Amino acid sequence: MNNFEEYCTKFVQSVGSKEGAVSPSLVNSASFGYATPQTAEGIFNGTIKKPLYSRMGNPTSARLEAIMADMDGGIGAVATSSGMGATSLATMSLLACGDEIISIGGLFGGTYSFFSETLTRFGIKTHFFDVDAFENIQKTINENTKILFLESVGNPNMRLPDIKKIAKIANDAGVVLIVDNTITPMSISPLALGADIVVYSTTKIISGNASALGGCAVFRAIHEGEDKFKTQRYAHMSKFIKSAAKMALIPNAKKRALRDFGMSASPHASYQTMLGLETLPLRMDRIVKSVEAVVDALNSKGLDVNHPCLKTHPHHERYVTDFKKGCGSLFTLDMGTKERAYEFLSRTKLATLTANIGDSRTLALHMASTIYSDFDADTRKFLGITDGLIRISVGLENPIDIINDFLESAK
C-alpha cells in the first residue's frame with residue numbers, strides 16, 4: 001500500500017471542482033472592488049470575508065492555504081512568495097529587538113544566514129545547537145527566548161531531531177516551536193507532535209517540477225483555556241486573540257509580517273503548486289523507496305553515503321521508529337575532496353546540477369563551493385559541510401538507472 005494513500009483522495013478532491021471549471025481558478029488580479037463603502041469597512045475590519053488586496057491574500061492562494069492547513073491539521077495557513085518568505089513571516093510576526101531564537105540541528109544555508117547575519121542587524125540573537133543537545137537547549141531558554149526552530153531533517157547533514165522531545169521542552173517553557181517541514185510533507189505531522197507553526201518551501205517536492213517559487217506557513221489553533229500565546233512572553237498577541245480567538249495566529253502573521261514585508265504569494269505560483277499537490281503522494285511514495293534503494297546500493301559498493309536508513313547512522317533507530325514514511329528525497333555523498341566531487345559531478349549523465357531539491361528529476365550539488373561558500377570553517381563543521389560533500393535529491397527516474405550512473409561517475 002502507498003505510504004501516503006490517505007492523501008491521494010484528499011488532494012485531488014480539494015484541488016479540483018465538480019461544478020464549472022474543474023481546474024482551480026487563477027485570479028490574476030492585484031486589487032479587488034468593494035462595491036460599497038460599508039463592504040470596504042467590513043473587509044478591512046474582518047467582519048466580511050472577501051479579498052482585500054493581493055498583498056494580503058488572493059482567492060487562488062487562499063485555496064492553496066486551505067489545502068495546506070488541512071494537510072497538517074492546522075487552523076489556517078498563509079502562502080508566501082518563497083520558503084524563506086514563509087520562515088521570515090513565521091518568525092518576524094513574533095519577534096522584536098532583544099528577542100532570542102534557539103535553532104536546533106542542521107540548517108539550510110539561507111535559514112542559517114537569516115538567523116546568524118540578517119536578524120542580528122535587528123538586535124535578535126540566535127543560539128545554535130545539535131539536535132541531541134537537549135540539556136543545553138533547556139539551559140539556554142530564558143525570558144527573551146521567543147522561538148525554538150528546527151528542520152524535520154537536517155539539510156544537508158541528514159541528522160534527525162526527536163521532535164516530540166523538543167516540543168515538550170518548548171511547551172514546558174512556554175516557547176513557540178517552529179518546524180521547517182519542507183523535506184517531509186505528509187511524512188511528518190509537526191503540529192500533531194507538539195509544534196505551533198510549520199513552514200514549507202513549496203518550491204521543492206510539493207510543486208515538484210521547478211516551475212513555481214513559493215512557500216507556506218501553517219498555524220495551529222489558539223486553545224480556549226491556557227495557551228502560551230496568552231502569556232506575557234507573547235503580549236502583543238492579546239489584541240489578535242481578542243479579535244480572532246482561535247484564529248489569532250493568522251491575522252498576526254498577516255498584519256505583522258505579510259502586510260509590511262510583502263512576502264506575498266503569486267496567484268500563478270499558487271495555482272501551479274496546487275497542480276503539484278495532486279500528485280505529491282504518488283511522487284513521495286516512489287521517491288522515498290528509491291532513496292533507500294540507491295543509498296543501500298552505493299553503500300554496499302563502499303561509497304561514503306549519509307542517510308539514516310543505514311544502520312551505521314547515529315539516528316537509524318529514530319528513523320525506524322519516528323520516520324516510518326521516510327525522510328524525503330535527500331542523501332549526501334562525500335567524495336573526500338573538492339576535486340573528486342567535481343569529477344563525479346562532471347561525469348554524471350543523469351543528475352541535474354542545481355540548488356533546488358525535491359524535483360521530479362534527480363539533482364546534485366557540491367555544497368562547500370556553492371550554498372556554503374561564504375561560511376567559515378567552524379560553521380561548515382557544525383553544519384556538516386565537508387570539502388567533498390555532494391547533496392543528492394533523488395527524483396522519479398528508475399532507481400537502477402540512478403545507481404548505475406552514480407557508480408560509473410564515482411570511478
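Scanning segment 75-94 for any residue that is modelled with pLDDT of 95 or more, assigned by TED's automatic domain parsing to the domain that holds residue 246 and over 18 Å from residue 262 (Cα atoms) turns up at least one such residue.
Among the residues in segment 296-317, are any surrounded by fewer than 21 Cβ atoms within 10 Å (Cβ to Cβ), in contact with a helix residue (DSSP H, G or I) (Cβ under 9 Å, 6 or more places away or on another chain) and small (Gly, Ala, Ser)? Checking segment 296-317: at least one residue is surrounded by fewer than 21 Cβ atoms within 10 Å (Cβ to Cβ), in contact with a helix residue (DSSP H, G or I) (Cβ under 9 Å, 6 or more places away or on another chain) and small (Gly, Ala, Ser).
Identify all residues within segment 25-71 that are of a type in the set (S, T, N, Q), part of a helix (DSSP H, G or I) and over 24 Å from the mean Cα position of the chain (by Cα); write none if there are none. Spell out the reasoning first.
So in segment 25-71, the residues of a type in the set (S, T, N, Q) come out as 25, 28-29, 31, 36, 38-39, 45, 47, 54, 58, 60-61.
Imposing the further condition that a residue be part of a helix (DSSP H, G or I) reduces the set to 38-39, 45, 54, 60-61.
Within segment 25-71, 38, 39, 45 meet the criteria.
Applying the condition of being of a type in the set (A, V, I, L, M) and free of Cβ contacts under 8 Å to residues at least 40 places away in the same chain to segment 229-280 and asking which residue is nearest to residue 81 (Cα to Cα) yields 248.
When you scan segment 353-404, how many residues do you find that are among the β-branched types (Val, Ile, Thr) and in a loop (DSSP other than H, G, I, E, B)?
Taking segment 353-404 as the starting set, the residues that turn out to be among the β-branched types (Val, Ile, Thr) are 354, 357, 362, 370-371, 379, 385-386, 390, 392, 394, 400, 402-403.
Next cut, in a loop (DSSP other than H, G, I, E, B) only: 354, 357, 362, 370-371, 385-386, 394.
The number of residues fulfilling the criteria is 8.
Within segment 206-228, track down each residue that is out of contact with any Lys or Arg (no Cβ under 7 Å at 6 or more places or on another chain) and among the aliphatic types (A, V, I, L, M).
Looking only at segment 206-228, we keep the residues that are out of contact with any Lys or Arg (no Cβ under 7 Å at 6 or more places or on another chain), and these are 206-207, 209-220, 223-228.
Of everything in segment 206-228, those that are out of contact with any Lys or Arg (no Cβ under 7 Å at 6 or more places or on another chain) and among the aliphatic types (A, V, I, L, M) turn out to be 206, 210, 212, 213, 217, 218.
Starting from residues that are hydroxyl-bearing (Ser, Thr, Tyr) and within 22 Å of the chain's Cα centre (by Cα), keep the ones in segment 362-390 and report whichever is farthest from residue 328 (Cα to Cα). By that ranking, first place goes to 379. Considering 257, 269, the condition of being surrounded by 20 or more Cβ atoms within 10 Å (Cβ to Cβ), touching a strand residue (DSSP E or B) at 6+ places or on another chain (Cβ under 9 Å) and more than 21 Å from residue 360 (Cα to Cα) is satisfied by 257 alone. When residue 243 is tested against the conditions (1) modelled with pLDDT of 95 or more; (2) surrounded by fewer than 18 Cβ atoms within 10 Å (Cβ to Cβ); (3) not assigned by TED's automatic domain parsing to the domain that holds residue 390, the lone failure is (1). Restricting attention to segment 37-86, the residues that are closer than 17 Å to residue 268 by Cα and of a type outside the set (Gly, Ala, Ser) add up to 14. Just one of (1) charged (D, E, K, R); (2) touching a Gly at 6+ places or on another chain (Cβ under 8 Å); (3) within 30 Å of residue 215 (Cα to Cα) fails for residue 340. It is (3). In summary, residue 8 fulfils each of the numbered conditions (1) touching a residue at least 40 places away in the same chain (Cβ under 8 Å); (2) closer than 23 Å to residue 255 by Cα; (3) not aliphatic (A, V, I, L, M) with the single exception of condition (2).
Considering only residues in segment 86-104 that are more than 11 Å from residue 148 (Cβ to Cβ), of a type in the set (Gly, Ala, Ser) and over 14 Å from the mean Cα position of the chain (by Cα), the one that is surrounded by the most Cβ atoms within 10 Å (Cβ to Cβ) turns out to be 93. Of note, residue 62 does not satisfy the criterion of being out of contact with any strand residue (DSSP E or B) (no Cβ under 6 Å at 6 or more places or on another chain), surrounded by fewer than 15 Cβ atoms within 10 Å (Cβ to Cβ) and more than 30 Å from residue 377 (Cα to Cα).
The values are calculated or read from the model by the stated rules, or taken from the named source; none is laboratory data. The structure displayed is predicted, hence computed values, not measured ones. Positions of Cβ are backbone-derived with ideal geometry, glycine not excepted, and every protein chain shown enters the neighbour counts.
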